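Quick notes on the structure that follows.
Every number here is computed from the coordinates shown, using simple stated rules; none is lab data. These numbers come from a predicted model, not from an experiment. Here the Cβ is made from the backbone with ideal geometry for all residues, glycine too, and neighbour counts use every protein chain on show.
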Amino acid sequence: MTNSIFTHRSIRKYKNDEIPANIMELIIEAATRASTTGNMQLYSIVLSRDENIKNSLLSCHFNQKMVVEAPVVMTFCADFNRFTLWCKQRNAKPGYNNFLSFFTAAIDALLAAQNACLEAENHGLGICYLGTTTYMANKIIDVLNLPQLVVPITTIVVGYPDETPDLTDRLPLEAIIHYETYTNYTENSINNIYQQKENMELYQNFVKENQLETLAQVFTDKRYTQKDNEFFSEEFLKAIKRQGFMP
Ligand SMILES: Cc1cc2nc3c(=O)[nH]c(=O)nc-3n(C[C@H](O)[C@H](O)[C@H](O)COP(=O)(O)O)c2cc1C
């Protein structure tokens, strides 16, 4: 069976093997074939393979070992720098130092990232996204030397898998689809939607290990807390401002 999004699973253990140059090129080319706002391609990809750079990135990603174990780390950045420079060189006045432009470029960066993932998986490679990119954007800006109007949005590690995890669960399709207009959830529908997840042994163990009452509390009290969310919101806003998007 060829790999496709239907066989995707995040890979967190990697072999040492390098990725051949022609495959790396296809992954980058696939990223650039993503739809992009006004065909402006408002992103850049920083490809890190050097051990020193990867070691500097390691702490930015909360010491997740795959950053140094995978042969390639790709940081996808919202980038209005290149386009702005072009405008200035062509007697065109750029108006991109604002939040909307940041968000537009962030969308472009994410679409490119997902295309890169799909192409990598097509070649038998594994990937894992790192959400720590937005938490630690300021430090990543320093490590990667990102200029004004460039903000890191997401990171993927890429390499040959050294594990074969099962597919992870998803909510049933009816949980996420709304026909024609949005139908809000009832207490009953929320119970039905989350029932399967809550009954899985894996998640029941999460609850036990954390000595909590419900799976939802694992998210609110341990994994994505209000306190952390507020702290990292401030940090990310600082990064967006620092890079000149919200002067
Ligand atoms: C934006 C984003 C950030 C993520 N950050 C991390 C991360 O920092 N560490 C990690 O191990 N997995 C991370 N993941 C992977 C998710 O945990 C994973 O996609 C999810 O559990 C579903 O599993 P699957 O990808 O195997 O289907 C991230 C995924 C996304 C989309």
All positions within region 183-242 that are among the aromatic types (Phe, Trp, Tyr) and under 23 Å from residue 135 (Cβ atoms)
206, 219, 224, 231, 232, 236
Given the residues 212, 202, which is the only one that is among the hydrophobic types (A, V, I, L, M, F, W, C) and assigned to a loop (DSSP other than H, G, I, E, B)?
212
So is residue 94 touching a residue at least 60 places away in the same chain (Cβ under 8 Å) and not acidic (Asp, Glu) or not?
no
Does region 165-184 hold any residues that are within 30 Å of residue 13 (Cβ to Cβ), free of Cβ contacts under 8 Å to residues at least 24 places away in the same chain and part of a loop (DSSP other than H, G, I, E, B), and which are they?
170
The lone condition residue 76 fails out of (1) over 30 Å from residue 5 (Cβ atoms); (2) buried (at least 18 other Cβ atoms within 10 Å of the Cβ) is (1)
Of (1) assigned to a loop (DSSP other than H, G, I, E, B); (2) over 30 Å from residue 81 (Cα atoms), residue 188 fails just (1)
So how many residues does region 97-139 have that are in contact (Cβ under 8 Å) with a residue 60 or more places away in the chain, over 30 Å from residue 69 (Cα atoms) and either within 16 Å of the ligand (Cβ to nearest atom) or touching a Phe, Trp or Tyr at 6+ places or on another chain (Cβ under 7 Å) (or both)?
5
Does at least one position in region 109-122 carry a residue that is farther than 25 Å from residue 223 by Cα, surrounded by fewer than 17 Cβ atoms within 10 Å (Cβ to Cβ) and among the polar types (S, T, N, Q)?
yes
